[in-house]
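One structure is given below, encoded as C-alpha cells.
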Amino acid sequence: MDEYRTLSAQGYRVLAIAYREFDRSKPTFTVADESELILLGYVAFFDPPKETSARAIEALQRSGVAVKILTGDNELVTRKVCADVAMKIEKIVTGPQLAAMDEAGFAAAATEANVLARLTPTRRRR
C-alpha cells in the first residue's frame, strides 16, 4: 500500500495483477471468486495531461467559466494531475462519498466541489 500511495501521488495509475486457480469445469465466475488471490505484482503507468491543459484551464477561468475536474482516478493521482495543470482544488469529493449522500447533499457537494474523483460511469446514488 505504501508503494501504491507513493506511485499514485506521483501521478501513476497502479494495477494489481493477481490470480487464483479454479477447476476448469467452473462455468461462470462472480465477484465472490475474487478472493484468496495470489498477488503476482503490479503495473504502474503514467498518462500525463496534455501540455496545453494548464493554459486552457487558465483561459477558461479568466473568461469566467467555472472549471470542474471529473475523473475516475483516485484522489492521489487526481491531486497530482491538478497540480500539473495548475488547477487549484477548492474541494474534492469522491464517487463513494456522493453515492452515500441524499439528494440535497449530493446537489450541494456537486455544486461546491470543483474536483470529483473516483467516479464511475455506472455509479448511482443509493
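The table below lists the values:
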quantity: The stretch 93-112, subset aliphatic (A, V, I, L, M) and part of a helix (DSSP H, G or I), residue nearest to residue 70 (Cα to Cα); calculated: 110
quantity: Condition broken by residue 79, with the remaining ones in (1) modelled with pLDDT of 95 or more; (2) open to solvent by 50 Å² or more (accessible area, probe 1.4 Å); (3) more than 19 Å from residue 12 (Cβ to Cβ) satisfied; calculated: (3)
quantity: Enumeration of residues in the stretch 16-36 that are in a strand (DSSP E or B) and surrounded by 10 or more Cβ atoms within 10 Å (Cβ to Cβ); calculated: 16, 17, 18
quantity: Subset of the stretch 62-76 [open to solvent by 40 Å² or more (accessible area, probe 1.4 Å), within 22 Å of residue 93 (Cα to Cα) and either touching a Leu at 6+ places or on another chain (Cβ under 6 Å) or not in a loop (DSSP other than H, G, I, E, B) (or both)]; calculated: 69, 70, 72, 75, 76
quantity: Those residues of the stretch 37-61 which are more than 21 Å from the chain's Cα centre (by Cα), assigned to a loop (DSSP other than H, G, I, E, B) and either farther than 9 Å from residue 85 by Cα or among the aliphatic types (A, V, I, L, M) (or both), in sequence order; calculated: 37
quantity: Those residues of the stretch 85-109 which are over 16 Å from the mean Cα position of the chain (by Cα), surrounded by fewer than 15 Cβ atoms within 10 Å (Cβ to Cβ) and either closer than 21 Å to residue 58 by Cα or of a type in the set (Val, Ile, Thr) (or both), in sequence order; calculated: 86, 88, 90
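The values are calculated or read from the model by the stated rules, or taken from the named source; none is laboratory data. Keep in mind that this is a model prediction, so the values were computed, not measured. Here the Cβ is made from the backbone with ideal geometry for all residues, glycine too, and neighbour counts use every protein chain on show. Areas reflect the complete protein model, heavy atoms only, side chains present, ligands, DNA and RNA absent. Shrake-Rupley method; radii C 1.70, N 1.55, O 1.52, S 1.80 Å.
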